[in-house]
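Notes to accompany the following structure.
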Amino acid sequence: MNFLDLAPLAVVLPIFGAGAAFLARRQVRMQRLITIGILTLTLVLEAGMLAAVWGGESYAIHIGGWDSPFGIALMVDGFSSFMLLVSTVVSLAVLLFATSQGLADGDEPGPVSIFHPAYLILLAGVSNAFLAADLFNLYVGFEILLTASYVLLTLGGTAERIRAGTTYVVVSVVSSVIFLMAIAMIYAATGTVNMADLAVKLPELGQGPQLILHVLLLIAFGIKAAVFPLSLWLPDSYPTAPAPVTAVFAGLLTKVGVYAIVRTETLLFPGGSVNAGLLVVSALTMVIGILGALAQTDFKRMLSFTLTSHIGYLIFGVAVGGPLAIAATIYYVGHHIIVQTSLFMVAGLIERRAGSSNVTRLGSLAKLSPALSLLFFIPAINLGGIPPFSGFLGKFGLLHAAAQHADPLTWVVIGAGLLTSLLTLLTIIRVWARVFWRRAADAEVPNQELVAEATQVADETLAGGAQNPRLGLKLAKQLEADSLPWGMRYATGSLVLAGIALTVFAGPIFEFCERVAAELIAREPYISSILPF
Amino acid sequence: MSVNITFLVVTGVLLAAGFYLVLERTLTRVLLGIMLLGNGINLLLLTSGGRKGAAPLFNPEVPADEYSDPLPQALILTAIVITFAVTAFLLAMIYRSWTLTSADELTDDTEDIKVSQKTAYDEEEDSPVAEDTTEFVDEEGRPVREGEE
């Protein structure tokens, strides 16, 4: 009995938890306890799994004792367990954030109590997609997480959310249809859906059929990962959802698509036959996404655009190929999940503190909310790629790998990457200058409450004078504590810390990513651990 | 592998009609489109199993190559259940949308409209800087040094 045989629990635990949480829908406290308990348990399990494969092992689990390629297999290797652990860390932080928000608002039992079960189902789907070692199981994982996300996105059923939800549901269903189409054609061509088996059999097909299957899969995953031109649904649908939901979606859902793209490109179609196309697409994703972000006035929409824009870096890494680029991609996925989720949590905090996430209505927050400013500032400059943070390290790795054997097209994309980084910084600085730095009274549409509070704090500072200079700060902290429950601040803070940890322990983590990348490119460990011969 | 060409043609028609309907703004038509897409894909999966054959229940008297392929059928069953769930959810959502707006059409995003009507001029960044805000030059534009006043 190997410890890794427990890996299916990463899917099973959240599903049973969801059932229990649904049964306890009238007892809010019980429901919270179940959800947090289950997620903590999953987190411990996945930390153990990652530790077990840290050295570069891969381990296949054959469900029900059916040997591959006939039965369903799950794959625990460095890549899947890294993604599992990061996603669970993020979802636990968001869950604590949501719970604290719910505690502060006193949510009563009612239709809203569907949040916890749906959240756990979402996580089960994400875990299943990461662990799946056959294409159809991957499809099922996608469907589980998508169905849960439909529920979470339209929570409460307001007109705005229904409108946004419709776009989201229809686009997701179409992407699933394309994915299924690809699966049907792959099965017709090779007679298997097991990924290790496919890795052996797909190269035996002719160039034409290979290209069709390859592109079909990329389109299906590209919609999920929000790669331009398939990304326009994302900024339309994410921002209307409740803050915790947007945060967890931003972190996890698109990255499942990216994960699938990396697997497709390294395991199933390793030749790199569409790399030139991917390079162009990645440049467009980066630049158009960030230009969209610059045009927005709503902070959450702005973040949604930076989210799609930075997916471009990940596609860039995949398109460049090679051990260093893939390693940097994996590192950047981890960085991006954590940073983007923390920024969306901060957006939730800003909305709660100042009553709006629209930049034109905000101001004075640096004075009024010192802790919030810090929580925004660190992930923001991390996203902008300022050294020494993980965003810089990831981007540096990607560009360095690309520049090593670059043709003219790659140089253009490197330029696009640098431009995007700069424009991201500009977006972030504009938010900082408006939301935090300027006076609330100078806002285009001044928010009278904020203006009043700012005057109050300024008066207090003046009253304190030289003898008591911290009087104003004390009042600001008091005001902040009144509007933002400590649980929400600490949950966001812990995720910001996780982002810093990714920077501090960048050495060992990047080495691990390099081992994983070498394994992905070699393909051999994956194939031989699943197929019995 | 032998393929039933009728199935493929029907699949193509179903998918084409489905994608056409999905592009409509009316939500009920979108729903019909999604149902057509689901059926088309199921048919495609069925076709991917190859020729027809005996039911795939093990019988020692039937030689191995006379069974039909059971895997696509299992896939179709799963896909049917998923389409069913999504259809039910969409129906609920369409009903909710109809209750709220008494319309069956998808409207444009308000933020999108706002951004599309924005001009390139940004008051905060582009407005001319007032000249009399500096403390470092006097009225004639000479630099002010400490102790001169």
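B:F7 meets the stated requirement of being touching a residue at least 24 places away in the same chain (Cβ under 8 Å) and of a type in the set (F, W, Y). Return a yes/no flag: does the range A:144-165 have any residue that is under 18 Å from A:I261 (Cβ atoms), among the β-branched types (V, I, T) and either within 10 Å of chain B (Cβ to nearest Cβ) or in contact with a helix residue (DSSP H, G or I) (Cβ under 6 Å, 6 or more places away or on another chain) (or both). Checked against the condition, which is being under 18 Å from A:I261 (Cβ atoms), among the β-branched types (V, I, T) and either within 10 Å of chain B (Cβ to nearest Cβ) or in contact with a helix residue (DSSP H, G or I) (Cβ under 6 Å, 6 or more places away or on another chain) (or both), the range A:144-165 yields no hits at all. Comparison of A:V215, A:V248, A:V258 shows that the only residue that is part of a helix (DSSP H, G or I), more than 14 Å from chain B (Cβ to nearest Cβ) and surrounded by fewer than 24 Cβ atoms within 10 Å (Cβ to Cβ) is A:V215. Within the range A:285-295, can one find any residue that is free of Cβ contacts under 8 Å to residues at least 24 places away in the same chain and within 14 Å of another protein chain (Cβ to nearest Cβ)? Yes, that holds for at least one residue. Take the conditions more than 19 Å from A:A98 (Cβ to Cβ), out of contact with any strand residue (DSSP E or B) (no Cβ under 8 Å at 6 or more places or on another chain) and either of a type in the set (K, R) or at pLDDT 90 or above (or both) and apply them to A:I15. Does it pass? So A:I15 fits the description; yes. Just so you know, in the range A:117-140 the residues that are small (G, A, S) and farther than 17 Å from A:A184 by Cα include one that is farthest from the other protein chains (Cβ to nearest Cβ), and it is A:S127.
The single condition among (1) in contact (Cβ under 8 Å) with a residue 60 or more places away in the chain; (2) closer than 20 Å to A:G348 by Cα that A:I429 does not meet is (1). Filtered by the rule that a residue be acidic (D, E) and within 14 Å of another protein chain (Cβ to nearest Cβ), the range A:434-463 gives A:D442, A:E444. Taking first residues from the range A:492-517 that are in contact (Cβ under 8 Å) with a residue 24 or more places away in the chain and partners that are acidic (D, E), no Cβ contact under 6 Å between residues at least 6 apart in sequence or on separate chains turns up.
Residues in the range A:18-30 that are at pLDDT below 85, in contact with a Ser or Thr (Cβ under 7 Å, 6 or more places away or on another chain) and assigned to a helix (DSSP H, G or I): A:V28 only. Taken over the range A:312-343, the criterion of being more than 16 Å from A:P379 (Cα to Cα) and within 10 Å of the chain's Cα centre (by Cα) is satisfied by no residue. Looking only at residues of the range A:182-196 that are assigned to a helix (DSSP H, G or I) and surrounded by fewer than 22 Cβ atoms within 10 Å (Cβ to Cβ), we find that the one that is farthest from the other protein chains (Cβ to nearest Cβ) is A:T190. Residues that are charged (D, E, K, R), free of Cβ contacts under 8 Å to residues at least 24 places away in the same chain and surrounded by fewer than 16 Cβ atoms within 10 Å (Cβ to Cβ) were ranked within the range B:30-71; the one that is farthest from A:G191 (Cα to Cα) is B:E61. Applying a threshold of 7 Å to beta carbon distances and a minimum spacing of six or more residues, or different chains, the list of pairs starting in the range A:252-281 at a residue that is farther than 21 Å from A:L131 by Cβ and ending at one that is of a type in the set (A, V, I, L, M) and not in a helix (DSSP H, G or I) reads A:V281/A:V227. Every test in (1) within 30 Å of A:N358 (Cβ to Cβ); (2) not in a helix (DSSP H, G or I) is passed by A:G271 save one, and that test is (1).
Close contacts from the range A:144-162, counting a first residue that is in contact (Cβ under 8 Å) with a residue 60 or more places away in the chain and a second that is of a type in the set (G, A, S) and not in a helix (DSSP H, G or I), with Cβ to Cβ under 6 Å and a gap of 6+ residues or different chains, come to A:L153/A:A241.
The values are calculated or read from the model by the stated rules, or taken from the named source; none is laboratory data. Fair warning: this is a prediction, and the values are worked out from it, not measured in the lab. For neighbour counting, all protein chains shown are included, and Cβ atoms are generated from backbone atoms with ideal geometry for every residue, glycine included.
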